[in-house]
Amino acid sequence: MKIIRLIPLASILVLIGCGSDEPTTSDAGQDTEENTESYTVEHSLGVAEFEEPPEKVVTLFQGANDTAAALGYEPVGIVESWLEPPVYEYLREDLGESTVVGDEIQPNLEEIAALEPDVIIATQSRHEEIYEQLSGIAPTVVVDELNDFKMTLDMMGEALAVEDEAESLLTAWDERIEHFKSEMEQVEEYPMTRSIINFRSDSLRLFVGGFPGSILEDAGFEMPENQQEAYDAEEAFIELTNTESIPELNSDQFFIYLQGNQDEDELDESWDLWTEHPLWEELDAVENDQVEMVDEVTWSMGAGYIAANEMLDDLYEMYGIEKE
Amino acid sequence: MRERLLTTRSKIIGLILLILLFILSLYMSIQVGQQQVAWYVMFDALMEYDPTNADHVVLYHRLSRAASAILIGLSLAVSGAMLQALTRNPLASPGVFGINAGALFFVVVAISFFSIQALTSLFWFAFAGALLAAVLVYVLGTVGDEGFSPVRVVLAGTAINALFVSFTQGLLVTNEANLDRVLLWMAGTVANRPIEVLLPVIPIVMVALIIAALIAKPMDLLHTGDEIAKGLGQRVLALKMLIILVAVMLAGGAVAVGGMIGFVGLIVPHIARFFVGHQHLWLILYCVFIGAILMLNADVVGRIAIQPREIPIGVVTALIGTPFFIYIARKGFKQS
């Protein structure tokens with residue numbers, strides 16, 4: 001799996017390599033171990049200094065776990081997944097050997113220190129308070145937004161001194177997106193509005209932005225007005241507890257996932273409560289049979305490059321488009 | 001405190017006004033919401049309920065909420081009145097007595113360890129937790145050389161409350177899956193409670209109310225002091241046990257249905273006493289209606305203030321109740 005993913009990457013690298021005059025600090029440097037060129041990475045909480053490109057990586061949020069795998073690294077330490085513990089199934093093959101150092105919210109500093117990492121990838125909202133301790137263990141690079149997979153990829157590229165790989169992954173992503181969008185032009189309703197709905201036992205969450213929102217925006221989907229307003233107000237989601245609010249969900253295309261860590265019977269009950277309501281039938285996506293159930297892990301939790309591509313795979317499949 | 005309605009006649013008129021206000025609040029609670037529903041649809045929905053008609057379903061949900069709100073409101077209010085009479089402490093309420101927290105803790109235990117979901121079974125856990133907390137607080141407040149003292153009861157209640165809340169939090173931290181559901185419960189809510197789940201609670205509340213009415217007269221005597229009541233032939237201990245039982249049945253039922261809804265049990269008895277003083281039969285009647293009116297309106301506010309989202313009803317009552325609590329506490333200090 002990893003090798004397959006790296007083949008197109010390598011070929012792009014060759015192309016890029018031909019065009020640039022600068023010496024690259026990537027794979028070649030790591031292999032010979034002669035590269036002692038030091039560099040620094042600026043981030044929102046400070047500056048991380050590196051003597052040489054790091055090899056032993058610790059990643060402290062889901063998106064960084066995923067992105068490390070995308071860049072071909074198997075971190076020495078990762079944080080536990082929210083579901084399917086200890087590692088999301090879609091990442092197991094890539095991260096099978098990594099040690100779990102606690103969860104995203106409370107990583108175990110002693111375990112991290114014991115791994116003697118060369119770099120720690122953290123995120124501001126989770127780890128701002130332990131940043132000093134983390135940087136005492138190893139140079140720590142803090143990603144501002146834990147759900148922004150491009151930012152994570154970009155900063156990890158810098159931190160691991162593999163900017164070219166990161167760049168080529170992003171190029172590959174952009175190409176996929178362009179292809180998807182050009183194929184979608186044939187779909188009559190495109191560009192359509194979308195809703196990402198998370199069914200919980202006691203409420204519904206209508207996610208407006210976040211990770212899935214950013215992917216769908218890339219893919220040309222639009223937000224209905226009410227979601228746009230919430231998004232502009234920097235709200236991550238609209239929480240609905242009253243079935244009278246069902247019309248708020250309205251859009252052309254629904255992507256739905258059930259909250260995985262809650263009791264199934266309760267979720268069934270909640271599902272019936274909302275979807276058996278007569279107002280549910282009046283929603284555009286329901287009327288036109290545009291309701292898709294999606295995987296919670298890749299759509300909402302992975303938050304990295306691989307998850308983004310899996311989301312896009314799902315979109316290709318939903319609209320019956322042949323991949324490039 | 002001198003009551004405002006001195007004669008029986010004025011008390012009856014006051015009660016009729018309260019009933020009218022209650023009906024108006026009930027009407028508002030069924031009429032106001034995100035979906036516009038014409039008022040006459042209400043009759044159609046009552047006569048011939050059609051589950052495929054959006055208006056009917058909307059009204060049914062609103063009616064269910066209203067029923068929960070009424071049940072919770074009157075239960076907490078009467079429970080608070082009973083506890084204030086028992087302890088002769090104006091700050092007593094199911095919340096301060098630790099009853100809410102005890103019920104909540106048992107419910108979280110039921111959800112976490114026994115995977116119980118049905119509201120009907122959860123009720124019994126809430127009831128047991130409420131009873132345990134009440135007995136603990138009463139015993140802690142009574143033992144010792146000085147005997148029963150209102151201040152010690154409040155201190156004991158605060159301690160027991162903190163104890164059960166921290167137990168609950170401890171359980172939740174180790175079991176995050178249940179966190180969301182219980183969090184909403186901790187804030188107090190009447191959303192999505194079908195009217196059917198109230199059915200097992202209704203008889204318990206009714207029985208408690210009847211007992212409360214029956215012991216209203218002896219409670220008037222108790223108000224004058226344990227010694228006087230004893231001297232007049234009251235079996236004070238039995239009476240106090242009954243009062244606790246009633247308070248627990250009511251508060252336990254309310255917590256089982258709606259979670260931790262604070263302040264209703266504290267402020268409504270004061271409002272009621274403002275009108276009718278310490279005649280407990282009147283006090284209980286007034287508490288029933290004022291409690292229901294307060295909760296119905298708190299629910300309407302919670303529903304429409306930030307739609308499409310909702311403010312949990314417990315948060316609304318806390319917003320109203322906190323200034324009131326401070327007011328009573330300050331007034332109490334001035335008097336003493």
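The values are calculated or read from the model by the stated rules, or taken from the named source; none is laboratory data. If you're wondering where the values come from, they're calculated on a predicted model, not measured in any experiment. Positions of Cβ are backbone-derived with ideal geometry, glycine not excepted, and every protein chain shown enters the neighbour counts.
Some notes on this structure:
- Being in contact (Cβ under 8 Å) with a residue 12 or more places away in the chain, in a helix (DSSP H, G or I) and crowded, with 18+ Cβ neighbours inside 10 Å holds for only one residue in A:307, A:303, and it is A:307.
- The set of residues in the stretch B:34-44 being within 12 Å of chain A (Cβ to nearest Cβ) and of a type in the set (A, V, I, L, M, F, W, C) consists of B:37 alone.
- Of the criteria (1) part of a helix (DSSP H, G or I); (2) out of contact with any helix residue (DSSP H, G or I) (no Cβ under 9 Å at 6 or more places or on another chain); (3) within 14 Å of another protein chain (Cβ to nearest Cβ), which one residue A:239 fails: (1)
- Of the residues in the stretch A:250-261, not one is without any contact (Cβ under 8 Å) to a residue 60 or more places away in the chain, of a type outside the set (S, T, N, Q) and either part of a loop (DSSP other than H, G, I, E, B) or within 11 Å of chain B (Cβ to nearest Cβ) (or both).
- Flag if residue B:311 is free of Cβ contacts under 8 Å to residues at least 40 places away in the same chain, closer than 22 Å to residue A:240 by Cβ and aliphatic (A, V, I, L, M): yes
- Members of the stretch B:32-56 that are in contact with a helix residue (DSSP H, G or I) (Cβ under 8 Å, 6 or more places away or on another chain) and assigned to a helix (DSSP H, G or I): B:41, B:42, B:44, B:45, B:54, B:55, B:56
- Selection over the stretch B:1-31 of residues that are assigned to a loop (DSSP other than H, G, I, E, B) and polar (S, T, N, Q) gives a count of 1.
- Test result for residue B:54, out of contact with any Gly (no Cβ under 6 Å at 6 or more places or on another chain) and either within 14 Å of another protein chain (Cβ to nearest Cβ) or among the charged types (D, E, K, R) (or both): yes
- Screening residue B:59 with (1) within 20 Å of residue B:297 (Cβ to Cβ); (2) more than 11 Å from every other protein chain (Cβ to nearest Cβ); (3) out of contact with any Lys or Arg (no Cβ under 7 Å at 6 or more places or on another chain) gives one miss only, at (2).
- Inside the stretch B:16-33, residues that are surrounded by fewer than 18 Cβ atoms within 10 Å (Cβ to Cβ) and not aromatic (Phe, Trp, Tyr) make up a count of 10.
- For the stretch A:151-171, the set of residues classified as within 16 Å of the chain's Cα centre (by Cα) and over 22 Å from residue A:49 (Cα atoms) consists of A:169, A:170, listed by residue number.
- In summary, residue A:102 fulfils each of the numbered conditions (1) of a type outside the set (Val, Ile, Thr); (2) surrounded by fewer than 20 Cβ atoms within 10 Å (Cβ to Cβ); (3) under 26 Å from residue A:309 (Cβ atoms); (4) free of Cβ contacts under 8 Å to residues at least 40 places away in the same chain with the single exception of condition (3).
- Listed by position, the helices (runs of 4 or more DSSP H) contained in the stretch B:218-284 that have at least 3 residues being β-branched (Val, Ile, Thr) and on the phi < 0 side of the Ramachandran plot are B:236-258, B:264-276.
- Residue B:59 assigned to a helix (DSSP H, G or I) and over 19 Å from the mean Cα position of the chain (by Cα): yes
- Candidates A:222, A:165, A:188 - the one that is away from chain B (no Cβ under 14 Å) and in contact (Cβ under 8 Å) with a residue 40 or more places away in the chain: A:165
- The residue that is modelled with the lowest pLDDT, among those in the stretch B:170-201 that are loosely packed, with under 14 Cβ neighbours inside 10 Å and more than 10 Å from chain A (Cβ to nearest Cβ), is B:174.
- Residue A:86 satisfies every condition listed in (1) within 16 Å of the chain's Cα centre (by Cα); (2) at pLDDT below 95 except (1).
- Residue within the stretch B:113-126 that is within 12 Å of the chain's Cα centre (by Cα) and closer than 23 Å to residue B:197 by Cβ present: no
- Every test in (1) among the aliphatic types (A, V, I, L, M); (2) at pLDDT below 85; (3) under 28 Å from residue B:310 (Cα atoms) is passed by residue B:69 save one, and that test is (2).
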